[in-house]
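A.B. asks: Once you've had a glance at the structure underneath, I'll fire off some questions.
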Amino acid sequence: MDFPPDLFARIVALRRDLHRRPELGFGEHDTMARISAELTALGLPHRTGVAGTGIVADLPGLSPGPRIALRADTDALPIQEQTGLPFASTVPGVMHACGHDGHSSALVGAAGLLVAAPPPHPVRLIWQPAEELGTGAPAMIEAGVLDGVDAIFGGHLDRTFEPGTLVVTDGPVNASTDTFHVELIGRQGHGARPHETIDAIVIGSLVVNALQTVVSRHVDPAQAAVVTVGRFDAGTAPNVIAGKAILEGTIRAQRPDVRARLKDSVRRVVQTVGALHGARAEFQMIDGTPPLVNPPFHTALAREAAVEVVGAEHVAVLRTANMGGEDFAWYLERVPGAYIRFGGMTPGENAPAHSGRFDFHEDALAYAARWYDRIARMGARLG
C-alpha cells in the first residue's frame with residue numbers, strides 16, 4: 001500500500017508521544033493539545049475543548065454535498081503498563097491498553113491525506129474523549145458534533161488480525177453494556193442460631209446460581225448474550241450471619257430485543273428468589289451503551305473502501321461475536337454509518353486489550369489512515 005513515508009513517520013511519533021503520556025476520560029488535556037498541534041502543522045482549522053477535551057475539524061470539500069464524519073477516541077485506562085516498550089507510559093497506573101493512541105494518530109494521518117488532496121464533499125473529523133467511560137460519545141453528541149452529518153464511520157485496532165487486514169462486519173459488532181446493582185436485605189444474627197435470621201449470603205448465592213439460567217433458558221441459543229455477576233459483598237465476621245448482601249454485574253447483548261429480555265429476566269429472577277426466601281431485593285439497573293449494529297448499506301460502503309485500500313483478499317469479517325461495548329453505538333442511534341476493525345497483530349505474544357501487556361503493530365496506522373481517507377471520499381454515494 002502506498003503511504004507517504006514522512007506522514008507515516010509523523011503519526012508513529014505521535015502515537016508514541018500519546019502512549020508515553022496517557023490520560024483518563026475527560027482528562028485528556030495534553031492529548032488534546034498534542035493532536036491540536038499536529039492539525040495546526042497540517043494547516044487544518046479545528047476546534048478544541050469540545051465536550052471538555054474533544055476536537056472537531058471540518059474540511060469543506062470541493063463542493064457541497066453529504067457530510068461524512070470520521071471518529072477516533074483518545075482516552076486511556078487505569079492500568080499499570082507491563083510492556084517494556086521504550087515509549088511505555090510514564091504515568092503510574094495509567095496506560096493506553098486499548099489502542100486509542102493508535103486510533104487518534106491514524107485519524108491525524110487521514111487528516112494529512114485529506115488536506116493534501118481535498119475530498120469531493122465535506123468531511124468532519126472527530127477526536128472523542130472518554131470512550132472507556134461510555135459517556136464520551138453522548139457528550140460529543142450533546143455538543144453538536146453530529147449536526148449536519150449524514151453518516152459516520154470509525155474503527156478499532158484488533159490484535160487477532162494481521163496488519164493489512166481490514167475487518168468489515170454487517171449487523172451486530174459490539175454488545176450493550178448494562179450494569180445491575182442488587183442489595184439483598186435479610187436479617188442479621190448469631191452464626192449459632194440461623195433459625196432466627198434471614199441469611200443474605202445464602203440467598204445471594206441462590207440468586208447468583210439462578211442468574212446462570214437467564215441466558216441458557218430465557219434467550220434464543222442462536223443469539224449472543226452474557227450475564228455476569230462480578231461482585232458479591234457480604235458479611236462482617238465468621239460467626240455472624242449476614243443481614244445484607246450486595247451483588248453487582250453486567251448484562252451484554254448484541255440485539256436490542258435480546259437486551260430488553262435480559263434486563264427484564266434479571267430483575268425478575270433477583271426479586272423472585274429474594275422474596276421466596278424472605279429477603280427484600282432492592283434492584284437498580286444502570287443503562288450503559290447500546291448494541292453497535294452496522295446497517296447493510298453503510299457497511300457495504302465501508303467494505304468497498306476497505307477493498308480499495310487492501311484488496312478483497314485482505315478484507316475479513318469478525319470470526320465470533322464481540323461482547324465488549326463501544327460507545328460509537330450512540331452515534332449510530334442518531335445517524336447511519338459503520339464501525340470496522342484494523343488488523344494490528346504483533347510478532348510473538350498478542351496480549352488482550354485492557355491488559356498491561358497490550359501493544360499493536362504500528363503498520364496498522366497507515367492502513368487505518370488510508371481507509372479513513374477512502375471512506376471520507378464517498379460522500380456522493382450517500383445521495
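Here's the yes/no breakdown for (1) touching a helix residue (DSSP H, G or I) at 6+ places or on another chain (Cβ under 9 Å); (2) surrounded by 16 or more Cβ atoms within 10 Å (Cβ to Cβ); (3) acidic (Asp, Glu); (4) at pLDDT 95 or above:
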| site | (1), (2), (3), (4) |
| --- | --- |
| 231 | no, no, no, yes |
| 236 | no, no, no, yes |
| 246 | yes, no, no, yes |
| 250 | no, yes, no, yes |
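A.B. asks: Ok, one more. Give the residues of region 59-73 that are within 21 Å of residue 338 (Cβ to Cβ) and not small (Gly, Ala, Ser), sorted by residue number.
C.D. replies: Matches in region 59-73: 59, 66, 67, 68, 70, 71, 73.
A.B. asks: Check 37, 88 and return the single one that is among the aliphatic types (A, V, I, L, M) and touching an Asp or Glu at 6+ places or on another chain (Cβ under 8 Å).
C.D. replies: 88
A.B. asks: Kindly list the number of the only condition in (1) in the same structural domain as residue 136 (by TED's automatic domain parsing); (2) surrounded by fewer than 20 Cβ atoms within 10 Å (Cβ to Cβ); (3) among the polar types (S, T, N, Q) that fails for residue 299.
C.D. replies: Here residue 299 meets the rest and fails (2).
A.B. asks: May I pose another question? Scan region 237-264 for residues that are small (Gly, Ala, Ser), in contact with a Lys or Arg (Cβ under 9 Å, 6 or more places away or on another chain) and farther than 14 Å from residue 182 by Cα and jot them down.
C.D. replies: Result: 253, single match.
A.B. asks: A further question follows. For residue 203, all conditions in the list (1) part of a helix (DSSP H, G or I); (2) closer than 30 Å to residue 336 by Cβ hold save one; what is the number of the exception?
C.D. replies: (2)
A.B. asks: I'd like to verify a number: residues in region 52-86 that are polar (S, T, N, Q) and closer than 24 Å to residue 144 by Cβ, how many?
C.D. replies: Residues flagged as polar (S, T, N, Q) and closer than 24 Å to residue 144 by Cβ within region 52-86 amount to 3.
A.B. asks: Consider residue 324 carefully, then state whether it is out of contact with any helix residue (DSSP H, G or I) (no Cβ under 6 Å at 6 or more places or on another chain) and under 21 Å from residue 145 (Cα atoms).
C.D. replies: no
A.B. asks: Can you find a residue that is of a type in the set (A, V, I, L, M), under 24 Å from residue 190 (Cβ atoms), out of contact with any Cys (no Cβ under 9 Å at 6 or more places or on another chain) and part of a loop (DSSP other than H, G, I, E, B) anywhere in region 211-225?
C.D. replies: Checking region 211-225: not a single residue is of a type in the set (A, V, I, L, M), under 24 Å from residue 190 (Cβ atoms), out of contact with any Cys (no Cβ under 9 Å at 6 or more places or on another chain) and part of a loop (DSSP other than H, G, I, E, B).
A.B. asks: I would also like to ask the following. Quick check on region 170-184: of everything there that is of a type in the set (A, V, I, L, M) and under 12 Å from residue 322 (Cβ atoms), which residue is surrounded by the most Cβ atoms within 10 Å (Cβ to Cβ)?
C.D. replies: Checking each candidate, the answer is 175.
A.B. asks: Give the number of residues within region 342-383 that are surrounded by fewer than 20 Cβ atoms within 10 Å (Cβ to Cβ), of a type in the set (A, V, I, L, M) and not in a loop (DSSP other than H, G, I, E, B).
C.D. replies: Result for region 342-383: 2.
A.B. asks: Do we find that residue 312 is without any contact (Cβ under 8 Å) to a residue 12 or more places away in the chain and among the aliphatic types (A, V, I, L, M) in this structure?
C.D. replies: Spelling it out, residue 312 is indeed without any contact (Cβ under 8 Å) to a residue 12 or more places away in the chain and among the aliphatic types (A, V, I, L, M).
A.B. asks: In region 324-335, which residues are farther than 22 Å from residue 101 by Cα and surrounded by fewer than 20 Cβ atoms within 10 Å (Cβ to Cβ)?
C.D. replies: 333, 334, 335
A.B. asks: Name the residue that is farthest from residue 273 (Cα to Cα), counting only residues in region 179-199 that are in a strand (DSSP E or B), over 39 Å from the mean Cα position of the chain (by Cα) and not hydrophobic (A, V, I, L, M, F, W, C).
C.D. replies: The selected residue is 190.
The values are calculated or read from the model by the stated rules, or taken from the named source; none is laboratory data. No experiment lies behind these values; they were computed from the predicted model shown. Reconstructed Cβ throughout: ideal geometry from the backbone, glycine too, with neighbour counts over all protein chains shown.
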